[in-house]
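Let me begin by presenting the structure, written as structure tokens, before commenting on it.
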Amino acid sequence: MSVLSELGAVVGAGFAAVGLDPGCGAVLVSNRPDLGQFQCNGALAAARQAGRNPREIADAVVSEIASDHRLAGLSVAGPGFINISLTDEAIAGYMNAMADDSRLGVAPSGAPLVVVVDYAGPNVAKAMHVGHLRSTIIGDSLKRLFRFAGHRVLGDAHFGDWGLQMGMLIAAVRERYPGLPHFDEALDGPYSEPLPITLADLQEWYPVMAARVGEDEDLAGEARRATRELQSGRAGYVALWEHFVKVSRESQERDFADLGVEFDLWYGESTVRDLLRPMVDESLAAGAAVESDGAVVIEVAEPDDKTDVSPLIVQTSHGAFLYGTTDLATIEMRVDEMDADLILYVVDARQSYHFEQVFRAASRTGAAGGAALEHIRFGTMNGSDGAPFKTRSGGVLRLRDLIEMVTAAAAARLDESDLAAGYPEAERSAIARRVGVAALKFGDLVNNRASSYVFDLYRFTALEGKTGPYLQMAAVRMGSILDKAAGLGLASGPIAPPAMEVERRLMLRMLQLPEIIERAVELRAPNHLAEFAYETAADFSRFYEACHILTEPDAGRRASWLALVGAARRTLELLLELLGIEIPDRM
Ligand code: ARG
């Protein structure tokens, strides 16, 4: 049980003893540390319920619980706030329990769910934009967090591989290589000839074709036809499409791996392609979908809508299935085949309307079953001009360029501070990449995800302050103290009651871990982890400055401090791991 929940039980019992609701005993970390370490504000609510004076209630509760040996300071402030502090012995007891627990005192969820995290969402041939980058960073952290919290989590890249852009790419290839056997309807493969088409080609052709299709109705018709023929299985087109998918996926997976991001599933929109036709037909038969001007739509408006919510189009008048159709069928698959209880869509806020329509449609058709569908929306990452961030090389964000850019910025910072100096070149560049990626991820995750923020690589890579690199350095420093101690044959021992305020503060901070994890899960908000990691590292550094661990003459004290360093290192390691940040062995 966490410290806060245990204190809540103690104070709750106090409320019960004076005939009041034990639920009023909830305890929080104090926002007035000068008055106490913790506080309970429940006397105010209890007083309202019981029509009594809050201050009297608080006094009565305090005298009920005053004999508890864990409590050191109890007082009542203002209209009835109860201030509570722990004895140093109690703090040490909790700290030892935390240090002895492989999960650092965080209990796994008692009601584990199957959670699908739908994140990154890269597309065939299309370059990523900042929305994909933020989705990748936030989604990866949520995946790690939910998994640690005890849920069964499947992270899915939901590859964009089945829409009209496939037809456009086929049309683009046809213009350049009309003689390919893939275009000969009389043949149906296999196509042994290697295709001369690279990802760079596709990325160059796609935006040009997309722009032309917007202006040229004939070309648009051709792209639509090619999409339809692909979707109904024309062999040559399927072979081309498989090639597009392969070259896109290979390079994207490499880039994601360099960011430390791996997917459990690399499903795509195309994964559900065989479900689309039957789903649309069944929805029509069941009356959940209706025909409208030759298209098939699902009405999703609700009586108390303040603005119009238009129907979700699941089949166009040209017979094509759309983005929403694959999303709907994917819900069906995730619920029916993967037993999902909760699906988190980590997608930028600009797609809110789409998800509103899709979620409503899923409840109309029953596709969601009992699963909860949540759009985990986020703001944009902006450049210094306030517009969505772009890399220098042009309009779009190439993950590769970005990784190189953050690595270079981190290398410059390391040079500036003489860090990693004299290390072998390969190790130095591996460290620079880890530091650069940490700067990027932390710079993103420390923000409330709903807000937009400015991408400022210089600030993000600072080795001091609320940054990823600062936390890496703190973790490396903790590790090196432990290594040095081991080298000197110094063992760690039980954690003793804190004798100094810096020690006490560090311990009380770390003991909040269970609630921080809980809050981050509940709000789907990694920024609580980021903030807490920073506070822990900052408290550690104050402790470290004041307490000369390795030269401390009192062996018991030194052993206790070493155990505290060990617990702090594991706490920071866990938090960084949940943020997707890797710690270099040395810096
Ligand atoms: N590929 C999409 C895009 O680039 C993002 C996919 C988001 N996930 C989903 N299930 N729709 O906009």
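The values are calculated or read from the model by the stated rules, or taken from the named source; none is laboratory data. The structure presented is a predicted model; accordingly, all values stated were derived computationally and were not measured. Methodologically, a virtual Cβ is constructed for each residue, glycine included, from the backbone with ideal geometry; neighbour enumeration extends over all protein chains shown. Calculation scope for accessible area: heavy atoms of the full protein, side chains included, ligands and nucleic acids excluded. Shrake-Rupley method; radii C 1.70, N 1.55, O 1.52, S 1.80 Å.
Below is a table of values for the structure above.
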read-out	value
Residue within the range 428-439 that is among the hydroxyl-bearing types (Ser, Thr, Tyr) and in contact (Cβ under 8 Å) with a residue 24 or more places away in the chain present	no
Every pair of residues 6+ apart whose Cβ atoms lie under 7 Å, when the first sits in the range 384-407 and is under 14 Å from Ser251 (Cβ atoms) and in a helix (DSSP H, G or I) while the second is modelled with pLDDT under 85 and open to solvent by 60 Å² or more (accessible area, probe 1.4 Å)	Asp401/Ser393
Residue match in the range 322-340 (condition: over 17 Å from Asp118 (Cα atoms) and within 14 Å of the ligand (Cβ to nearest atom))	yes
Members of the range 559-584 found to be open to solvent by 50 Å² or more (accessible area, probe 1.4 Å) and over 21 Å from Asp101 (Cα atoms), listed by number	Glu582
Elements of type helices (runs of 4 or more DSSP H) in the range 499-579, at least 2 residues being closer than 30 Å to Ser135 by Cα and of a type in the set (Gly, Ala, Ser)	527-546
The range 135-165, residues that are within 16 Å of the ligand (Cβ to nearest atom) and on the phi > 0 side of the Ramachandran plot	His158
Residue match in the range 339-346 (condition: buried (at least 22 other Cβ atoms within 10 Å of the Cβ), touching a His at 6+ places or on another chain (Cβ under 9 Å) and within 30 Å of Ala200 (Cα to Cα))	yes
Qualifying residue in the range 400-417 (condition: in contact with a His (Cβ under 9 Å, 6 or more places away or on another chain), of a type outside the set (Gly, Ala, Ser) and crowded, with 21+ Cβ neighbours inside 10 Å)	no
Residue in the range 185-197 that is among the polar types (S, T, N, Q) and in contact (Cβ under 8 Å) with a residue 12 or more places away in the chain present	no
Condition broken by Arg48, with the remaining ones in (1) without any contact (Cβ under 8 Å) to a residue 24 or more places away in the chain; (2) closer than 30 Å to Thr571 by Cα; (3) more than 32 Å from the chain's Cα centre (by Cα) satisfied	(2)
Tally, over the range 428-475, of residues that are open to solvent by 20 Å² or more (accessible area, probe 1.4 Å), not hydroxyl-bearing (Ser, Thr, Tyr) and not in a loop (DSSP other than H, G, I, E, B)	8
Which numbered condition Ala538 misses (of (1) surrounded by fewer than 20 Cβ atoms within 10 Å (Cβ to Cβ); (2) over 18 Å from Met510 (Cα atoms))	(2)
Odd one out for Leu35, checked against (1) out of contact with any strand residue (DSSP E or B) (no Cβ under 7 Å at 6 or more places or on another chain); (2) more than 30 Å from Ser109 (Cβ to Cβ); (3) at pLDDT below 95	(1)
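Here is a yes/no grid of residues against (1) closer than 30 Å to Arg449 by Cβ; (2) crowded, with 24+ Cβ neighbours inside 10 Å:
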| residue | (1), (2) |
| --- | --- |
| Leu142 | yes, yes |
| Arg147 | yes, no |
| Val153 | yes, no |
| His158 | yes, yes |
| Met168 | no, yes |
| Ala171 | no, no |
| Glu175 | no, no |
| Pro178 | no, no |
